[in-house]
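Here the structure comes first, spelled out in C-alpha cells, and everything after it is commentary.
The values are calculated or read from the model by the stated rules, or taken from the named source; none is laboratory data. What you are looking at is a predicted structure, and each value in this text was computed from that prediction instead of being measured. Don't worry about glycine lacking a Cβ; one is built from the backbone with ideal geometry, like all the others, and counts go over all protein chains shown. Side chains included, ligands, DNA and RNA excluded: accessible areas come from the protein's heavy atoms. Shrake-Rupley method; radii C 1.70, N 1.55, O 1.52, S 1.80 Å.
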Amino acid sequence: MFETIRSWFRVRAHRRDFEDSMREELSFHVEQYTKELIRSGVSEAEAARRARVEFGSRNRIEGDCREARGLHLFSELFRQSRYALRLFRKTPGFTVTALLTLAVCLGANLTIFAVIDSILLRPLPFPKSDRLVTIFNTYPQAGVDRDGSSLTNYYERRGHIPAFASIAIYRYSTAIIGESGSTQREQITRVSPDFFTTLGLGPVVGRGFKEEETSYEADNVVVITNGFWRHSLNADPHIIGKQIRVDGNSTTVVGILPPGFRFLSSKAGLYLPLASRPEERTPLDRHSGGNVTQMIARLQPGATVALAQSQIDAQNNALERDDPQAKMIAEAGFRSPVVPLHADHVATIRPTLLLLQSGVLTLLLIGTVNLGNLLLIRAGSRAKELAVRQALGASRKHVVSEVLVETTLLTVAGGMLGLIVADAGIHLLSALGGDRLPLGSQIVFNPRLALVSLAAAIVMGLLLAIPMAWLNLRHPLGEALQSEGRSGTSARTTQSLRHGFVVSQIALATVLLAGAGLLGLSLQRAMEVSPGFRPDHILTGKITLPGKGYPDNTSRVGFTEKLIDKIGHVPGVLSAGIVTNVPFSGKTGKSSAAIQGRTPSPGESPRANYSYGVGGDYFKAMGFSLLEGRFLTSADSRGTQRVCVVDQDFARYYWPGGGALGHRLFEGIEQGKDADAFTIVGVVGSVKQAGLTEDVAQGAVYYPYAFHSDDFFVAARSSLPPELLGQTLQGVVRQIDPDLPVNDVLTMEARVTESLAERRTPALLAVLFSGIALLLTAIGSYGVLSYAVEQRRREIGVRMALGAQPAQIRNQFLLLALRLLACGVVLGGVGAWLAGRAMQTVLFHVPPFDPKILSGAAVVMGLVSIAACLVPSYRAARTSPVEALRES
C-alpha cells in the first residue's frame, strides 16, 4: 500500500515526464507493429492503418494508463474545482456571505482553540512533563483550601518518598539588580538544588546549584535565563564566573538556562538558591508554608499519582504521631494532595476556557446551519440544471463528487480566511489581558493552528456535502424537471429541512444570548459588591527592603517612617500609609490567631485569617470604616505596648454579641506568654482581600508594622488623579535610598478592575459571539423566507388574481416566521436552562435559570427574526398577479 502511495506521488510530481514517456512508448509500439506488418508483405499505408485499428483510440489508451496510475482522479478534481469556481463567480452574493460566515465562525473557534491549546492541551516545555506533580498542604476545616509546603516538608520528604525520582521547592520573589544608581527590580525565583533536575531541564552553559549553596553564607550564586543574559548582560560570552549585584550583594553567575526556558507563568530572569538555617526546618515549622514556598516532584518511571499520594499520607501520619500540634492539625482537616503540575497550574481558568469553547462551538453550529440553509436554497435553484445533466448521462457518482468538491472548496477557502480572523482574535485577546492568564504568554499563532483550520474546514465541507448530495439524488428526474421550474413549489421535505435549520439557528442563538446575559448579570453582581474601602484616588506601589541594607526591625521601621513623612508632604497627598499586603494584590496567604483564655470546643479546628502589618495613616488613606475603638498609628510601631485592630468578620466570629475591644490574642495557633499577646484596640469594617467575589468571611488582624515587618505596599490618597503620583512616589523613595525601586505601581481602582478580568473577558466575548449569532440567524431567516416567496410566486399571483388581499399574503409569511420563532425560542429556553446549570461554577450569585434573562433573549431574538422577515413578507404582498402568471 505504501509503495502504491509513494508511486502515485512520484508520478504526480513528474507528470510531464510521464506523459511524454507514455506517448513515446505508444508511438514505439505502433511503429514496431507497423514494421512487422510491412515485413509480412503488407503495404506501408495498409500496415499503418491496420496498426492504428489494432491498437484502438490513443486517447482511450492514454486515459487507461492515467487511470492505472491514479492521475485521472487528480485531473477530475482539477476540472471540478474550476467548474465550482465559475459557479461561485456567477453568484457573488452567496459566495461572499458563505465565506464571511465561515471566516467569522472558524476564526472565532480557532482563536479560543489557540488559547485552550496553549494553556490546557500543550504539555509543559520539560522532558516527560506528565511525570511532574505538585504537592501542597490543605486545611479545609480552618478555611484554608490551599497552602504552600514548608521547608520542613521538603527536608522530611526528600529521599523518603519512593514514588518520587526527585523533589524540589521554589519561592517566587523579587530582587534589586544592578550597580548603585542604575538599579532595577527583577522577578526572581529561589529554588532548591534539585529544582532543575526535577524539571529535567537545566543550564546549557555552566552548572546548577550545589547542596552547600543552600546556606546563607554561600548562597551568593545565580543561574540566569537566556533572555536576561542577552538583554541585561549584552550576551557576554564570558559571563560565567563573573559577578552581578543582587540586593546589593556580589553574586556569581554559575549557569545560563536554554533559550525559551520559562517555569510555568513566571517571568523570572534569575534563579537563586533557597537558603535556610537548620532552626527554620524544625517540626514546629512543618505547617508554616504560608502559600509562599511551593513543592514539585518528578514521579519515578512506573509510579502513579495515587501511589505517591498514599506514600505522602503514610509519612504525614507517621510524623504527626509525635507532633504536639497533631490534634489541632487533624481537626483542621490537614492533608497534602499530590496533583499533576500542569493541571494544577491551570485549574482556576479551565472552567472559563471550556465555557468559551462551548460558546464558539455553538456559534460554529449556527454558522454551519446558516451555510447549510444557503446551500439548500442554492441547490433548489440548480435542481433543474442537475436533472438535465443526469438525463444527458451524468452518473450519480459524478454528481456526488461534484457536490463534495464544491462544498469542500468553499469551506477550505473560508478556513483560510478564518486564519486571518484568528490572528486578529489572538491580538484582541492579548489586549484584553490574555497574556495574564496561566501560561498565557504561550498563546501565539502557529502552524498547528493552520493544520487545525484546514482539518476543520475539510470536515465541515464533507458534512455539508452529505445532505446536499442526498437532496440532489433523491428525486426522480421527471419530477425534478417539472417541479423545479419557476412555476413549481419546493418539495415538502426540502422545505421542512430549511425550516428546521431556521428553528435550530434561533434555538442556538437564544442559548448564546441567554448565556451572555447570565455572564453579564454575574459581572454586574460582582461589580456591585463593595470592597469594604473607597478605592478612588488611591495609588499603591510595592517596596521590598533588601536584607543587607535593612537587617532588623529598627532599620525597616525607620525607613517606613521617613517614607510616610515625605509622602505626606507631597502636594495633593491627603494621607498615606503602608501595609504588608494591599487588597487585590494577588497574594492570599493566611495565618491564624489564638484568643487568650479561649478554649476551643471539641472538634473545633483553628481558624485561618488574613494578617497584616500596617503603619502611618493606612486605614484613613484606604477609606476604612471604624466601627469601634481607634485605628493604628505610627506611634504603635514605636511603642512597646502590643496592640492590634481586627475586622468585623473576625470580631463577629469570636464575639458574636460584640465586645471585642480589650480582648487579647496571640499571632499563631497557640496561646503564649502574656507579654506576647496583642490587645484589640479597634474594630474596622471587613475588606475583600482576594477578590470582589470572595464569599468566605475569613477575618483579618492588623498589627503595627514593627511587629509584622515584611515587604510592604505604600498607599497614598490624593486630591489629584492618582496616576500623576507614580513618578513622584519613585522620586521620594530614591531620596531616602537611591538604589531602591518601587514596583507594581497601580491605582486601587485598577487593581479592583484587574481582579474582574476573568469575569469581564468571557462576558465581552459572549456578547460578541451573540451579536454574530444574531446576524447569522437574521441572514438565515431572511434567506428562507425570501426563497419561499420566490418559489411560491405563481401561487401568490393566482391567489391575488382570485381576490386575496396583500395584507393576507403578508400575514401568511409573518405567521410562518412567528411559528419558526416560537419553536426556536422554546427549544432555546430548554438549552439555556441546561447551559445555565453547566455555567454555575463561573457565575456569581446568579441562578442557572433567570426568567428576566431568558425573556430578554427571547425579545431580542424575536425583534431580529421579525425584522429579517419583514422585507420578504412585504415583497410577497406587493407581487403583481399579471407579472407572476406571465413569468410562470
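Just one residue in the set GLY260, GLY248 is surrounded by fewer than 19 Cβ atoms within 10 Å (Cβ to Cβ), modelled with pLDDT under 90 and in contact with a Lys or Arg (Cβ under 8 Å, 6 or more places away or on another chain); that residue is GLY248. All of (1) farther than 19 Å from THR560 by Cα; (2) open to solvent by less than 20 Å² (accessible area, probe 1.4 Å) hold for GLY613 with one exception: (1). In this structure, does ALA297 turn out to be out of contact with any Pro (no Cβ under 7 Å at 6 or more places or on another chain), modelled with pLDDT of 90 or more, open to solvent by 40 Å² or more (accessible area, probe 1.4 Å) and more than 30 Å from GLY517 (Cβ to Cβ)? In short, no.
Residue-by-condition table, conditions (1) in contact (Cβ under 8 Å) with a residue 24 or more places away in the chain; (2) aromatic (Phe, Trp, Tyr):
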{"residue": "LEU521", "(1), (2)": "yes, no"}
{"residue": "ALA526", "(1), (2)": "yes, no"}
{"residue": "VAL529", "(1), (2)": "yes, no"}
{"residue": "ILE538", "(1), (2)": "yes, no"}
{"residue": "ASN553", "(1), (2)": "yes, no"}
{"residue": "PHE559", "(1), (2)": "yes, yes"}
{"residue": "LEU563", "(1), (2)": "yes, no"}
{"residue": "LEU574", "(1), (2)": "yes, no"}
{"residue": "SER601", "(1), (2)": "no, no"}
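With a requirement of 3 or more residues that are of a type in the set (D, E, K, R), surrounded by fewer than 21 Cβ atoms within 10 Å (Cβ to Cβ) and modelled with pLDDT under 85, the helices (runs of 4 or more DSSP H) lying completely within region 350-466 that satisfy it span 383-391. In region 594-605, is there at least one residue being open to solvent by 20 Å² or more (accessible area, probe 1.4 Å) and under 30 Å from ASP536 (Cβ atoms)? Scanning region 594-605 turns up no residue that is open to solvent by 20 Å² or more (accessible area, probe 1.4 Å) and under 30 Å from ASP536 (Cβ atoms).
What do you reckon, is GLU217 open to solvent by less than 20 Å² (accessible area, probe 1.4 Å) and either of a type outside the set (Phe, Trp, Tyr) or farther than 26 Å from GLY547 by Cα (or both)? Answer is no for this residue.
Take the conditions closer than 18 Å to PHE263 by Cβ and open to solvent by 50 Å² or more (accessible area, probe 1.4 Å) and apply them to VAL204. Does it pass? Criteria met by VAL204. Scanning region 516-552 for residues being open to solvent by less than 30 Å² (accessible area, probe 1.4 Å), polar (S, T, N, Q) and within 21 Å of SER625 (Cβ to Cβ) gives a total of 1. Contact annotation: residue pairs with Cβ atoms under 6 Å, 6 or more positions apart or on different chains, pairing a residue in region 187-209 that is touching a residue at least 60 places away in the same chain (Cβ under 8 Å) and assigned to a helix (DSSP H, G or I) with a partner that is among the charged types (D, E, K, R) and open to solvent by 20 Å² or more (accessible area, probe 1.4 Å), are THR198/ARG298. The residue that is least open to solvent (accessible area, probe 1.4 Å), counting only those in region 222-244 that are in contact (Cβ under 8 Å) with a residue 12 or more places away in the chain and over 15 Å from GLY269 (Cβ atoms), is GLY241.
Reported count of residues in region 769-782, each being open to solvent by 40 Å² or more (accessible area, probe 1.4 Å) and touching a residue at least 60 places away in the same chain (Cβ under 8 Å), is 2. Within region 185-197, one or more residues are open to solvent by 10 Å² or more (accessible area, probe 1.4 Å), closer than 22 Å to ILE244 by Cβ and among the acidic types (Asp, Glu).
Residue pairs whose Cβ atoms lie under 7 Å apart, sitting 6 or more positions apart in sequence or on different chains, and linking a residue in region 838-866 that is more than 29 Å from ARG819 (Cβ to Cβ) to a partner that is assigned to a helix (DSSP H, G or I) and open to solvent by 70 Å² or more (accessible area, probe 1.4 Å), are PHE844/ARG525; HIS845/ARG525; VAL846/ARG525. Restricting the first member to region 677-699 and to residues that are in contact (Cβ under 8 Å) with a residue 24 or more places away in the chain and among the polar types (S, T, N, Q), and the second to residues that are open to solvent by 10 Å² or more (accessible area, probe 1.4 Å) and assigned to a strand (DSSP E or B), the beta-carbon pairs closer than 8 Å and six or more apart or on different chains are THR679/ARG664; GLN689/TYR610; GLN698/TYR610. How about region 669-689: which of its residues are outside any strand (DSSP E or B), open to solvent by 20 Å² or more (accessible area, probe 1.4 Å) and within 30 Å of VAL752 (Cα to Cα)? Selection gives SER686, VAL687, LYS688.
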